[in-house]
Amino acid sequence: MALSGVEIFKLLPKTNCKKCGFPTCLAFAMKLAQRQASLDACPDVSEEAKRILGEASAPPIKAIAIGNGEKAVKLGEETVLFRHEKKFVNPCAFALSIKDTLSSEELKNKVKAVLDSEIERVGQRLRADMILADNESGDSGKFESAVKQIIQDAPNIPLILKSQSPSNIETAIKYCSDKRPLIYTATNDNYEVMAKIARDNNAVLCVYAEGTEALSSLAEKVKSAGMDDIILDSGARKAKDMLEHYTQIRRAAIKKSFKPLGYPVISFAEREDPMHEIALASIGVTKYASIIVLSSIEKWKMLALLTQRQNIYTDPQVPMQVEQKIYKVGEPTQKSPLLITTNFSLTYFIVQGEVENSKVPSWLAVMDVEGLSVLTAWAAGKFTASKISEFIKESGVEKNIAHKELIIPGYVAILSGALEDKLEGWKITVGPREANALPSFLKARTTN
């Protein structure tokens, strides 16, 4: 059970040395109780207190890593039920299911779809994260061959090995034991041997049981067998069951500190109907699934799911931002217009979209104002003549243009005079107040 701030305080040195960054040991204890500080910040805590507090302060959802290297998938470590309480920590991972009954060419195309799935949105690169090798045939040789080909074609993609047969898992895992795969699945009938395979190969183990009560019982058995890197599958395959089971698991772990359910969850959304599949996957994204298995990853489907995931797993207290730099819209030349806006993602995408709609190739200067909109940034003193001029001078945009004209948003027309003083030799043009007027504004300039 989680300890209260006062209970934690009793285990601290009580020296109020401030080495932890807090004014008193009691203040530090309160932050520990709220999971807003790390015990490592106290250099004088005793080993006994470390043992007790380390366990008590651990995240209620265990942190699990699958795979190695920069593409390893980190799951769990969550501490809250709702994102307005605190930022969700580790985004859910999307896994493409690849069956061992496919031909070599079909399998290769599936792997290529994962490798080519990356898109860029709001300055972040998003993609399908994992591959699930499905032993649908039940044949050990086919499964082994499929796993070998997947690893050969995508050696850095985290892998899930799915088979009901421990012997088939044991045959295939020898090709990826150094890659920390996820084994699916341990049941009441095979958990002891599956746990041993997972331990021997540094793998993560998924446990499967119908319903949360049976699942928690099996998770305790697997932990007693020496395996604590666990993923949970409650057998939920319908929308109603997913919503119910995943919420129950999260609440039990977060609110009740119920350790047998304090692990990440896997959700299988595979359906023949792509709209049905994306609906089920969306439930997983919003309701606590850590891995979501899909049957296909068409671009339109992934754009919707990755956008949803990105929105949910951003910090609700920090606006979404794009990188500060000079962006190209179309193929601008030295004669193309130069516009400026702020790096609030919504502002950027609206302005960029309207400039694109104008069919007038342009340079778009996006200035870092900590993710605020134009008017808000101006009112906060972050989008001022001095800061804009400094950004333009340091950006190096003058090397790309044959003119010295900057188009500013109409809402901050008041800055035009001061900007001309700060940017000596530049002409400051006041653009439209609303982005939807940009196409006609830019087209009229090219006509004239």
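The values are calculated or read from the model by the stated rules, or taken from the named source; none is laboratory data. Keep in mind the model is a prediction, meaning the values are calculated, not measured. Methodologically, a virtual Cβ is constructed for each residue, glycine included, from the backbone with ideal geometry; neighbour enumeration extends over all protein chains shown. Heavy atoms of the whole protein, side chains included, go into the accessibility calculation; ligands, DNA and RNA do not. Shrake-Rupley method; radii C 1.70, N 1.55, O 1.52, S 1.80 Å.
The slack in the chain from Asp315 to Lys299, taken as 0.36 nm per residue of separation less the alpha-carbon distance, amounts to 3.2 nm. Tell me, what % of the accessible area of the chain is carbon and sulfur with a 1.4 angstrom probe? The value for the chain is 50 percent carbon and sulfur by accessible area.
For the pair Gln308 and Val80 in one chain, pulling the backbone fully straight at 0.36 nm per residue adds 80.2 nm over the alpha carbon distance. Here each label is just a point 7 Å from Cα along the line to Cβ, and for Arg445 and Ser224 those points are 7.3 nm apart. The label-point distance for Ser177 and Asp40, in a model that sets each label 7 Å from Cα toward Cβ, rounds to 3.0 nm.
Take the range 215-278 with all the other protein chains still there, run a 1.4 Å probe, and you get 43 Å² of accessible area per residue. Here r is the Cβ-Cβ distance between Leu346 and Asp241 and R0 is 30 Å; the resulting FRET efficiency, rounded to 0.05, is 0.25.
Here's the picture: a label point sits 7 Å out from the Cα of Gln164 along the beta-carbon direction, and within the range 197-237 the residues with their amide nitrogen under 14 Å of it are 208-210. Listed cross-link partners Lys404/Lys443; Lys10/Lys74; Lys74/Lys259 are compared with a 22 Å cut-off, the Cα-Cα value being larger for Lys10/Lys74. Given a Förster radius of 25 Å and the C-beta distance between Ser137 and Lys255 as r, what FRET efficiency does 1/(1 + (r/R0)^6) yield to the nearest 0.05? That gives a FRET efficiency of 0.05. Per residue, the range 1-143 exposes 52 Å² of solvent-accessible protein surface, assessed with a 1.4 angstrom probe and all protein chains in place.
Modelled label positions at Asp189 and Ala437, each set 7 Å beyond Cα in the direction of Cβ, lie 7.1 nm from each other. Run the numbers for Val6 and Ser104: contour at 0.36 nm per residue of separation, minus the present Cα-Cα distance, in nm. Extra length available between Val6 and Ser104 comes to 29.1 nm. Per-residue surface analysis assigns Leu3 an accessible area of about 50 Å², computed on protein heavy atoms at 1.4 Å probe radius.
Estimated purely from DSSP H runs of n ≥ 4, each contributing -39500 (n - 2.57), the mean residue ellipticity at 222 nm for the chain is -12000 deg cm²/dmol once divided by its residues.
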